[in-house]
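Notes follow once the structure below has been shown.
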Amino acid sequence: PRPTQLSQFERLDGLRKEGVFCDVTIKSSDGKEFNAHAVVLASASDKLRKLLEQAKVVVPPEGGEDGQGGATSSASAPRPSSRELAAGASADSVSAVLDFVYSGLAQVAPQTVPEVARLTRRWDLSALQESLTSSLSGDDGASLTPEVVAGLFALGEPFGEQLGAAARTFVLANFCACAQTEPFLRWPQKVLEHLLKSDHLTVPSEEDALLWVARWKSAKAGRE
């Protein structure tokens with residue numbers, strides 16, 4: 001991008017963080033709300049545009065404060081209607097995704113990688129998908145950890161072909177390390193069964209594998 005374009009993105013991001021001219025409220029799964037601009041989100045992906053077109057429109061009461069706790073610029077100024085969008089992800093994950101949409105950069109904490117991967121796929125943010133995949137699935141797999149990989153498989157849904165292949169290779173080679181994490185206890189049964197059937201699964205012994213399966217089974221009632 002040209003310097004002028006970068007400056008425009010920086011200004012838009014500044015307006016978002018100040019809650020100025022925002023017409024979208026994104027709600028995280030842990031109860032936090034984020035301001036955003038519909039035109040910026042819609043330009044990020046066709047999927048987001050469609051979601052915004054279908055989103056519930058809320059007309060706030062005149063006066064008072066905005067959804068982020070900031071006072072309106074004028075008590076008599078009309079407040080714009082706002083579309084509400086449920087992210088289905090934590091506040092940290094939503095924040096990282098919005099940072100990328102507005103600036104092209106994002107700091108993704110290891111514990112939020114699975115949620116960011118899922119939200120990125122659901123919103124069809126191809127640029128962020130490519131960036132996340134590149135940072136996690138390099139030739140050495142240095143950024144993949146048992147916690148991150150176990151969290152990805154706990155999603156129980158696809159999270160990208162290239163990243164999926166790298167995560168599968170990692171978990172088959174490091175099954176016991178992944179099984180020691182908390183996300184392992186949330187794996188769907190079909191995921192666990194698929195990995196256990198692989199000829200490339202590496203475990204010290206069959207007894208070790210059975211012990212981890214017993215741990216997974218005891219974590220939730222009704223598992224077979």
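The values are calculated or read from the model by the stated rules, or taken from the named source; none is laboratory data. If you're wondering where the values come from, they're calculated on a predicted model, not measured in any experiment. A quick note on method: Cβ atoms are made from the backbone with ideal geometry, for glycine too, and the neighbour counts reach across all protein chains shown. Ligands, DNA and RNA are stripped out before the accessible areas are found, and what is left, the full protein with its side chains, is counted by its heavy atoms. Shrake-Rupley method; radii C 1.70, N 1.55, O 1.52, S 1.80 Å.
For this structure, a couple of remarks:
- Breaking point among (1) among the small types (Gly, Ala, Ser); (2) more than 25 Å from Ala214 (Cβ to Cβ); (3) buried (at least 18 other Cβ atoms within 10 Å of the Cβ), for Gly151: (2)
- Count of the range 101-127 residues which are among the hydroxyl-bearing types (Ser, Thr, Tyr) and surrounded by 20 or more Cβ atoms within 10 Å (Cβ to Cβ): 3
- Any hit, the range 198-208, residues being of a type in the set (A, V, I, L, M) and farther than 21 Å from Gln107 by Cα: yes
- Within the range 175-224, considering residues that are among the hydroxyl-bearing types (Ser, Thr, Tyr) and either assigned to a helix (DSSP H, G or I) or farther than 24 Å from Pro158 by Cα (or both), the one least open to solvent (accessible area, probe 1.4 Å): Ser205
- Residue check for Gly141: assigned to a loop (DSSP other than H, G, I, E, B), surrounded by 13 or more Cβ atoms within 10 Å (Cβ to Cβ), of a type outside the set (A, V, I, L, M) and modelled with pLDDT under 85: yes
- Scanning the range 23-37 for residues that are in a loop (DSSP other than H, G, I, E, B), on the phi < 0 side of the Ramachandran plot and open to solvent by 20 Å² or more (accessible area, probe 1.4 Å) turns up Asp23, Ser29, Asp30, Lys32.
- Check on Val40, farther than 19 Å from Gly88 by Cβ, open to solvent by less than 80 Å² (accessible area, probe 1.4 Å) and of a type in the set (Val, Ile, Thr): yes
- Of the residues examined, Leu98 is one that is buried (at least 17 other Cβ atoms within 10 Å of the Cβ) and part of a helix (DSSP H, G or I).
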